[in-house]
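See structure below.
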Amino acid sequence: MALSLNEIARLLKNLQTQENVPADSEKTESQAPKRRRLCRDDGSQHWVSHDPNKPLQEKLPSPPEDQAAPTGETNFFDILETLIRAAGVQSEERSKALSQSQEELAIANKRIADLTKQLDYAREECDSHYAKLNLTSKDYEKCWNRSHQDKLEWEAQEKDLKREKSQLSSALEEAKDEIARYFMDGFQGAIEQASILFPNTDFSALDPLKIVVDGKIVSE
């Protein structure tokens, strides 16, 4: 049985009200016949009516042998015992609830501690990976800058080589033309000189582009 504090206070108030009812009646009805509560030797009580101007001589009736009349003190102690038991039950229930709450709190605190350790470890791992990634990013940036610079230098060298090649090609063609011209001029000069030495000889069959094969002049 679990009673709240409000219910306990209400029961005590009702008990006090019941104890005060006879006293209030005696104050308000001073001239009317009054009822008095008489106590026997065994502690039981009995109410009787009497005239306040006459002495009380009525004999108390004997209570049944198997049942004693209830008294105010008995009711009070019964209620008090009930309240004490209810308070004990409430205290025990609250103690159990408090113990269970403390156990749950301890489990929650342990769980929080474990999660905190995991979070700290995850943060350390994250910081380590970030540092490595940052270092790798910086190294990559340096390598990219160096590669880009090398590429620019290679492109510049390629342009220079192409320009130089073009110049050499032009010079080679000019040299070929010059050599061919010198060759033709030399061949023509040789024919003229041979004509002077051999005026009766026909040199028209000679050609700088022909060759001699088996004692005959033939074209290549």
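A short reminder: the numbers here are calculations on the coordinates, not readings from a lab. Note that the coordinates shown come from a computational prediction; the quantities given were computed from them, not determined experimentally. A quick note on method: Cβ atoms are made from the backbone with ideal geometry, for glycine too, and the neighbour counts reach across all protein chains shown.
Observations on the model:
- Cα→Cβ-extended label distance, 7 Å offset, between residue 83 and residue 157, nm: 10.7 nm
- For the range 135-213, the gyration tensor built on C-alpha atoms gives a prolate shape. Its axis ratio a/c (a ≥ b ≥ c) is at least 1.5, and a/b is the larger of a/b and b/c.
- Convex hull per residue volume in Å³, alpha carbons only, for the range 79-163: 85 Å³
- Distance between the 7 Å Cα→Cβ label points at residue 133 and residue 115: 2.5 nm.
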